[in-house]
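Here's the structure, in structure tokens; my notes come after.
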Amino acid sequence: MRILDRYLLGAVVASMAFALLALSLVFIVVNLIESLDRFLDQHADAWTIALYYLYFLPEIIKLLLPVTVLVAILFAIGKLTDAYETTAMKSAGMSLYRLLAPILLLCTIVAAGHLYFNGWIVPRVLTKKFAIERQYLGRNTGGVEQQLYNLYLRDTPRRIVAMGYYDLGNKHGKDLSVEEYSDDLFPRVVRRVDARSFRWDSSSRGWIAEECFVRTFSAGSVNISYYPVLPVTLATDDARLGTLQRSMEEMTFTEQADYIAFLRRGGRNTRQLDIAHAGDYAFPIANIIIALIAVPFASVKKRSGLAANIAAAMTLTFCYLVLTKITQALGMDTALPPTLVGWSANIIFAVVAAVVLLRTPT
């Protein structure tokens, strides 16, 4: 790596660190002003409040990192342009694409880290944040409860399960009802199991119903049988019940995919979740696309100087976020694949980046 590459990367990284710190502090201060009264009303101590914002920080970084990258590039390269340093680089034979190369490499590394951070670190921390919100802020946000009540789910397209009560801790529940149907489109009950209690058997990896009646419906007749103990086959296992009580935000990307597949097997329309899941993967790639727009934009000297760069950063960020929501909403009513809908904002901005890059003097 040349000295000039290290100089460019040093300027961008320093600006990125400063921008991330400044934007995060602004975000935290605004939220603290809004929530402090509720914390004090619930007699939360300073340590609890500090922990809350420590758990809040990863979510803030998740949202602000693309903005931070954009502001950092526009500020760092814009500052070099105002000092005629980019002009000197071009005069020495360094093209715009060569200027972009080390920054693009840095943004690719940032995007990879951002993807892992969003998908596998933030969800775990959010569980702790939501726990504090429920206790002190009165918000019904996510979380896994140990006791589940009145749980209804479509286990498969032809099986409906109802549980009156289930304890995730001791893996024991009461009032289980399982209805099995003959057809997806024109359902007719063919079998029903009603159990006073049930439990998850870890050794056999299956459900055991106790004190249950089994009703079988055929040819206009009903056959009733009683079983003190009866193994019950369900697609939903004990771990799945815990997952069903968590919000999508608290699931890792792999858990989200598994959860969506489970809902799809049960006959649910998962298009909205599929689009959101694809959008979660697409969001970190914005760090790369931003570099393709920001570097050419900031490398051209403007009379308004730094002010134009800051305004451009805010405008681009707002447009990207709005476009993401619009394309996902419109994609719900189209026949386009969910992955394409989730990535559509990135695709549109990539086209814009290509146009900006080609129209900028090299």
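Side notes on the structure shown:
- For segment 15-24, the condition holds for at least one residue, the condition being that it is of a type in the set (A, V, I, L, M, F, W, C) and touching a Leu at 6+ places or on another chain (Cβ under 7 Å).
- Selection over segment 298-310 of residues that are at pLDDT below 85 and under 13 Å from ALA72 (Cα atoms) gives a count of 3.
- Index of the failed condition, GLY93 passing every other in (1) open to solvent by 20 Å² or more (accessible area, probe 1.4 Å); (2) in contact (Cβ under 8 Å) with a residue 40 or more places away in the chain; (3) closer than 19 Å to ARG2 by Cα; (4) not charged (D, E, K, R): (2)
- Of the helices (runs of 4 or more DSSP H) entirely within segment 235-302, those holding at least 3 residues that are without any contact (Cβ under 8 Å) to a residue 40 or more places away in the chain and open to solvent by less than 30 Å² (accessible area, probe 1.4 Å) occupy 253-265.
- Applying a threshold of 9 Å to beta carbon distances and a minimum spacing of six or more residues, or different chains, the list of pairs starting in segment 331-348 at a residue that is among the hydrophobic types (A, V, I, L, M, F, W, C) and ending at one that is assigned to a loop (DSSP other than H, G, I, E, B) reads VAL341/MET332; VAL341/THR334.
- Any chance VAL122 is open to solvent by less than 60 Å² (accessible area, probe 1.4 Å) and at pLDDT 95 or above: yes
- Residue match in segment 192-200 (condition: open to solvent by 20 Å² or more (accessible area, probe 1.4 Å), modelled with pLDDT of 95 or more, over 25 Å from VAL222 (Cα atoms) and of a type outside the set (Phe, Trp, Tyr)): yes
- Test for LEU100: is it in contact (Cβ under 8 Å) with a residue 40 or more places away in the chain, open to solvent by less than 50 Å² (accessible area, probe 1.4 Å) and under 30 Å from the mean Cα position of the chain (by Cα): yes
- Which listed residue, of LEU57, LEU4, LEU23, is in a helix (DSSP H, G or I) and farther than 26 Å from LEU99 by Cβ: LEU57
- Selection within segment 201-216 - open to solvent by 60 Å² or more (accessible area, probe 1.4 Å) and not in a loop (DSSP other than H, G, I, E, B): GLU211, PHE213, ARG215
- In segment 225-234, the residue that is farthest from the chain's Cα centre (by Cα) out of those that are open to solvent by 60 Å² or more (accessible area, probe 1.4 Å) and at pLDDT 95 or above is TYR226.
- Qualifying positions in segment 170-191 - closer than 22 Å to THR243 by Cβ and open to solvent by 50 Å² or more (accessible area, probe 1.4 Å): ASN170, LYS171, HIS172, LYS174, ASP175
- Residues in segment 327-350 that are among the β-branched types (Val, Ile, Thr) and more than 19 Å from TYR281 (Cβ to Cβ): THR334 only.
- Exactly one residue out of LEU54, LEU65, LEU25 is under 27 Å from the mean Cα position of the chain (by Cα) and surrounded by 14 or more Cβ atoms within 10 Å (Cβ to Cβ): that is LEU65.
The values are calculated or read from the model by the stated rules, or taken from the named source; none is laboratory data. Given the structure is predicted, the values throughout are model-derived calculations rather than measurements. With ideal geometry, Cβ positions are generated from the backbone for all residues, glycine too; neighbour counts draw on all protein chains shown. SASA here: full protein model, heavy atoms, side chains in, ligands and nucleic acids out. Shrake-Rupley method; radii C 1.70, N 1.55, O 1.52, S 1.80 Å.
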